[in-house]
1. Evaluate the following for ILE159: is it in contact with a strand residue (DSSP E or B) (Cβ under 9 Å, 6 or more places away or on another chain) and of a type in the set (A, V, I, L, M, F, W, C)?
2. Going by the conditions given, is GLY182 surrounded by fewer than 22 Cβ atoms within 10 Å (Cβ to Cβ) and out of contact with any Lys or Arg (no Cβ under 8 Å at 6 or more places or on another chain)?
3. Do we have any residue at all in the range 255-277 that's touching a strand residue (DSSP E or B) at 6+ places or on another chain (Cβ under 9 Å), modelled with pLDDT under 95, surrounded by 20 or more Cβ atoms within 10 Å (Cβ to Cβ) and not charged (D, E, K, R)?
4. Take the range 1-41 and flag every residue that is free of Cβ contacts under 8 Å to residues at least 60 places away in the same chain and in contact with a Lys or Arg (Cβ under 6 Å, 6 or more places away or on another chain).
5. At least 2 residues that are free of Cβ contacts under 8 Å to residues at least 12 places away in the same chain in each: list the helices (runs of 4 or more DSSP H) lying fully within the range 107-181 that qualify.
6. Quick check on the range 46-64. Is at least one of its residues over 19 Å from SER139 (Cβ atoms), at pLDDT 90 or above and not in a loop (DSSP other than H, G, I, E, B)?
7. Quick check on my filter: what residues within the range 82-100 are more than 20 Å from the chain's Cα centre (by Cα), surrounded by fewer than 20 Cβ atoms within 10 Å (Cβ to Cβ) and more than 27 Å from GLU130 (Cα to Cα)?
Amino acid sequence: MFNAVCSQYFPPKPKFTEKDVPPGSQVGKVFLVTGANQGIGLELVKMLYPTGATLYLAGRSQERIEKAIKQASAAAFTAQEKKLDILWNNTGIGGDPEGTTTKRAIEGHVGINCVAALLFTQELLPKLQEAAKTAPACSARIIWTGSLMIETHSPTGGIQYEFVEEGKTTNPARDYASSKVGNWYLAVEAAQRWGNYGIVSVVQNPGNLLTNIYSHQPKWLMAILKLVLYEPKLGAHTLLYSGFTPDVGIEKNNGAYIRPFGYVAPNGRQDIYMAIAAGEATKFWEWCEKMYQLHI
C-alpha cells in the first residue's frame, strides 16, 4: 500500500488536459457538475465552458453558484434537457466536526456524500440512459469522488455500519474516509447495474488539493498541509480525464479507480477489493436506498 499512497501524495503531472478537449468539441453535449461553485468544480467548469457543451452547475450556495456562472463567462443553461451526457458527482463535505448530521439524522459525511449523491444520480438516470442511446460508445459517464483517505483512514473492510448508523459524526477523519469508500462502492455498483445501458461509472481521487474542504481545520494544521497540497486546477484535470479518457469504457475499466492527476491504477487497499468481491458494494447501495426511502 505504501507505493499507492506515495504516488498519490506526489502524483505525476497531468497527461490529459483541456487541450485534449478543445473549444467547440462538445457542442450538443449536456454536462452537470455538482459542487461547481468553488474549488475543483469551478476549475472544471472553466475547462468545460469553451467546449460548447450545455453546462449545469449544482451547488449548495446560490450566491456562489451565481458567482461561478459569471466567472465561467455566463455559460448558458436551459430549464429542461432530454439527456445528460456526463454527471460529475463532485460536491461533498469533509472533516466536519463531531456531531455533524443531516436533517434526516444520518451521519453527515455519509448522508451528504453518499446517500444524497445516489438519490440525485438515480433521479438523473433516465437522462443518462437517453444520452447513451445516441452518443458515441462509452461517452455517457458518471464520475464519483474518492480520496486518498480511503487508504489512510477508512476502517478495515471500508465501512463499518456501527459507525455510519450512529446518526452523527463521531470521528471526522474515519467518517469522511468511510464516505469516500462509499463513493467507490457506488461507482462499482453503478457500473454493474447500468453498464448494460452503455453508461460508464468510475471513481477518482482528484488529489490532495487546497480547497474549502479543509475549512474546519486549525490554522497550525493548515500551515503544514499547505506544504503538500496542490492547486485545485490540477485536481480538475483528474475530473476531466475521468470524463473523457478512452482508457475506460463498458468493457474496459468500468468501475475503475482513477488516481491523480488522471490515470487508471488500483487503490492500495486490498481489503476493500475483497469486500467488493464479497458483495459489500451491493450492500452499501441498498443501505443508501433504504436511508433515503425512509424520508421521501
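The values are calculated or read from the model by the stated rules, or taken from the named source; none is laboratory data. Since the model is a prediction, treat every value here as computed from it, not as a measurement. Please note: Cβ atoms are built from the backbone with ideal geometry, for glycine as well, and neighbour counts cover all protein chains shown.
1. No: the conditions fail for ILE159.
2. no
3. yes
4. ASN37
5. 117-134
6. Within the range 46-64, one or more residues are over 19 Å from SER139 (Cβ atoms), at pLDDT 90 or above and not in a loop (DSSP other than H, G, I, E, B).
7. PRO97, GLU98, GLY99
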